[in-house]
1. Using the count of nearby Cβ atoms within 10 Å as a rough guide to exposure, how do 135, 113, 16 rank from fewest to most?
2. Please order 118, 133, 1 by the number of other Cβ within 10 Å, starting at the fewest.
3. Just how far, in whole angstrom, is the range 87-140 from the range 6-43 if you go by their alpha carbon centroids?
4. How much length, in nm to one decimal, is gained on full extension between residue 24 and residue 43, taken as 0.36 nm per residue of separation minus their Cα-Cα distance?
5. Write down the percent of antiparallel bridges among all DSSP beta bridges whose residues are both part of the range 1-130, to the nearest 5.
6. Jot down the radius of gyration and Dmax of the range 3-138, Cα atoms only, both in angstrom.
7. Viscosity 1.002 mPa s, temperature 20 °C: give me the Stokes-Einstein translational D for the range 80-159 in µm²/s, with Rh taken as the Kirkwood radius over C-alpha pairs.
8. Nothing charged except the Cβ atoms of Lys and Arg (+1) and of Asp and Glu (-1): what's the magnitude of the dipole of the range 3-138 about its Cα centre? Round to the nearest 20 debye.
Amino acid sequence: MSALELAQQLRARFPEVLSEPQEFRGEVTLRLTDAGLIAEVCRVAKTDLVFDYLVDLSSVDNYGEDPRFTLVYELYGYGHHCHLRLKTEVSEEASEALTVTGVWRTANWHEREIYDMMGIRFTGHPDLRRILMWEGYPYFPLRKDFPLSGKPSEVPEVAFTRTAPLEGGPFVTVAGGPDRIAREPRVRLPESDTPRATENQNQQHPEN
């Protein structure tokens, strides 16, 4: 049975909330319009259609749009060797989705990383803690409104950060530079479109 046929079977179980399967370059995607049903849809995908492996769970920040976030579930079945992608949207106001750790235990760290980096909470998660940043860190670094140079923060008795050396942003890469050093991302000056290289970098690379 093909991934498209399996997707059609899953849609037949949830016809009101699952879109028609979209196939592109051999990959099949279903979009779920009600994020509150994601755990139930995933459970059926695993138990009835034997998508027994959650390959990945990622998030997309559609900054400037509503809903702001998209959750992307990549499923695979070892028995039938088919992939299926599920997508569902989460609003910035809610910033919350149901956990699927009860369906696949591998969702545990995926959901913790999304919470840590994007700020989406997963209701029912058994241990929703930050996995890369420290507890109390006030920002979500993979959101598109988070500057590449970072933000200063201070959490008394825990940790603090300063902005990166190339402070400011946005960072840009210059195409067609003479070497890889010249092509490295540089911060753009507010008064100019010319990327800036620091004095130390010029000293380190006198050939430039």
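What follows draws every value from the coordinates through simple rules; no lab data is involved. Quick caveat, the model's predicted, so the values are computed rather than measured. As a convention, Cβ positions derive from the backbone with ideal geometry for all residues, glycine included, and neighbour counts pool all protein chains shown.
1. Lowest count first: 16, 135, 113.
2. 1, 133, 118
3. Their Cα centres are 21 Å away from one another.
4. Here the segment from residue 24 to residue 43 would lengthen by 4.4 nm.
5. DSSP beta bridges in the range 1-130 are roughly 75 percent antiparallel.
6. Every Cα atom of the range 3-138 included, Rg and Dmax give 14.7, 46 Å.
7. Estimated via Stokes-Einstein, D reaches 149 µm²/s.
8. 360
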